[in-house]
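Asks: What follows is a structure written as structure tokens; I'll ask about it next.
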Amino acid sequence: MILYPAIDIRGGKAVRLMHGRFDAETVYHDDPLEAAQSWVDAGARYLHVVDLDGARQGEPASIEHLRRIVAGTGVPVQYGGGLRTAAAVRDALRAGAERVIVGTAALRDVDFLDEIVAAYGPRVVVSVDARGGRITTAGWTKTSELRAVDAFGHLHARGVSSFVYTDADRDGALEGPALDDVCEVAAAVRGHFLYAGGIGDLEHLRALRGLRQVNLAGVIAGKALYERRFTVAQGQAALDGKG
């Protein structure tokens, strides 16, 4: 498993939200490139970048920050937030993203999803974000009736095999993952997924590794790294079973 340090961009700054609430924001870096470089200097092999303004507005607002991060760090970056058209996906890839993350709004626009999966294949990742086990959309401001585990079947049918699963109820809370929920997701995913939500210490990472789910390919962490609860190197060692 790979540890993915998270860089959430809002208003041009690197921030973290509590439970995905835009009124519960902490600014950690005035320049997202500074945050990205700090993680790479600490040993990060991959970066997870989310355009929060784009997620809320429905179109990317941080493509230039993506371009700067890719050029400035030299490590692969996966990027999401507001990618709801084929043109937006193309622009993110042209700006240097290794993978693009689209939301489950893609379930409502299967033509869009089919087009980008046909064009970019495994470089397309679908983010399945949940509150109370149900899909949340529009920058986590709306919750649908669709169960997260059921969404995977619909997405598999469209050719998607790479996912991010985020427990929005736990995001930023540092209280750890709901391990039973992660196992349920693992059972539903054909392909591989990354987990995000609530990582607060090394024991949380060790617990995820201890699930031994072969399709759990990585873990996304943000606030715990910013608050120095563990380093990138320590987190990766825990996922590797070495620390």
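The values are calculated or read from the model by the stated rules, or taken from the named source; none is laboratory data. Source: prediction; values computed, not measured. Here the Cβ is made from the backbone with ideal geometry for all residues, glycine too, and neighbour counts use every protein chain on show. Accessible surface areas use protein heavy atoms only, side chains included; no ligands, DNA or RNA. Shrake-Rupley method; radii C 1.70, N 1.55, O 1.52, S 1.80 Å.
Asks: Please state, as a whole number in µm²/s, the translational diffusion coefficient that the Stokes-Einstein equation yields for the chain at 25 °C and 0.890 mPa s, with Rh defined as the Kirkwood radius across alpha carbon pairs.
Replies: 140 µm²/s
Asks: Is any residue of the range 196-234 close enough, with backbone N under 20 Å, to a label point placed 7 angstrom from the Cα of ASP180 along the Cα-Cβ axis, and if so, which?
Replies: 196-199, 204-205, 207-213
Asks: For a quick check, take a GNM of the chain with Cα springs below 10 Å and name the residue from HIS29, HIS154, HIS65 with the largest mean-square fluctuation.
Replies: Of HIS29, HIS154, HIS65, the Gaussian network model singles out HIS154 as fluctuating most.
Asks: Pulled fully out, how much extra length does the chain show between GLN37 and TYR120, if you take 0.36 nm times their separation in residues and subtract their Cα-Cα distance? It would help to have the intermediate numbers written out before the result.
Replies: Details: separation 83, 0.36 × 83 = 29.88 nm, distance 2.74 nm.
Contour length minus Cα-Cα distance gives 27.1 nm.
Asks: Rounded to the nearest 500 deg cm²/dmol, what is the calculated helix-only ellipticity per residue at 222 nm for the chain, with -39500 (n - 2.57) per DSSP H run of length n ≥ 4?
Replies: On the way: 10 runs with 89 residues, N = 243.
Computed mean residue ellipticity for the chain: -10500 deg cm²/dmol.
Asks: Add +1 for every Lys or Arg and -1 for every Asp or Glu among the other residues with Cβ under 14 Å from the Cβ of ARG209, and state the total.
Replies: Cβ neighbours under 14 Å give a net charge of 0.
Asks: By DSSP, what percent of the beta bridges with both residues in the chain are antiparallel, rounded to the nearest 5?
Replies: So the antiparallel bridges amount to about 30 percent of the total.
Asks: Go ahead and set up a Gaussian network model of the chain, Cα springs under 10 Å, then flag whichever of SER162, SER127, SER38 fluctuates most.
Replies: Sorting by GNM fluctuation, first place goes to SER38.
Asks: In the Gaussian network model of the chain, springs joining C-alpha atoms below 10 Å, which of GLU145, GLU184, GLU175 carries the largest mean-square fluctuation?
Replies: Taking springs between Cα atoms under 10 Å, the residue moving most is GLU145.
Asks: Also: Of GLY72, GLY241, ALA44, whose Cα points farthest to the positive end of the dipole of the chain (charges on the beta-carbon: +1 Lys, Arg; -1 Asp, Glu; origin at the Cα centre)?
Replies: The one lying farthest along the dipole's positive direction is GLY241.
Asks: Could I ask something else about it? Please enumerate, by chain and number, the lysines with C-alpha under 25 Å from the C-alpha of LYS242, excluding those fewer than 8 residues away in the same chain.
Replies: Cross-link targets: LYS223.
Asks: Taking the Cα centre as origin and putting +1 on Lys and Arg beta-carbons and -1 on Asp and Glu beta-carbons, what dipole magnitude results for the chain, to the nearest 20 debye? Don't skip to the answer; put the middle values down first.
Replies: On the way: 28 positive and 31 negative charges, 81 e Å.
Here the size comes out at about 380 debye.
Asks: Would you pull out the residues with amide H under 5 Å of GLY43's amide H, same chain only if 5 or more places away, H placed 1.01 Å from N?
Replies: Amide H neighbours of GLY43: none.
Asks: Right, another one. Could you give the length gained on full extension between ALA207 and ALA71, defined as 0.36 nm per residue of separation minus the Cα-Cα distance, in nm?
Replies: 45.5 nm
Asks: While we're looking at this one, here's another question. Expressed in nm to one decimal, what extension gain is obtained for the pair ASP30 and ARG158 from 0.36 nm per residue of sequence separation less their Cα-Cα distance?
Replies: Residue separation times 0.36 nm, minus the Cα-Cα distance, leaves 42.2 nm.
Asks: Right, here's the next one. Give me the percent of accessible area attributable to carbon and sulfur for the chain, probe 1.4 angstrom.
Replies: The value for the chain is 46 percent carbon and sulfur by accessible area.
Asks: Would you kindly derive the ³J(HN,Hα) couplings of the range 212-228 from the backbone phi angles with the Karplus curve 6.51 cos²θ - 1.76 cosθ + 1.60 (θ = phi - 60°), listing them in order in whole Hz, with x for Gly and Pro?
Replies: Once θ is set to phi - 60°, the couplings for the range 212-228 become 6, 8, 5, 8, 8, 8, x, 9, 9, 9, x, 4, 4, 6, 4, 8, 6 Hz.
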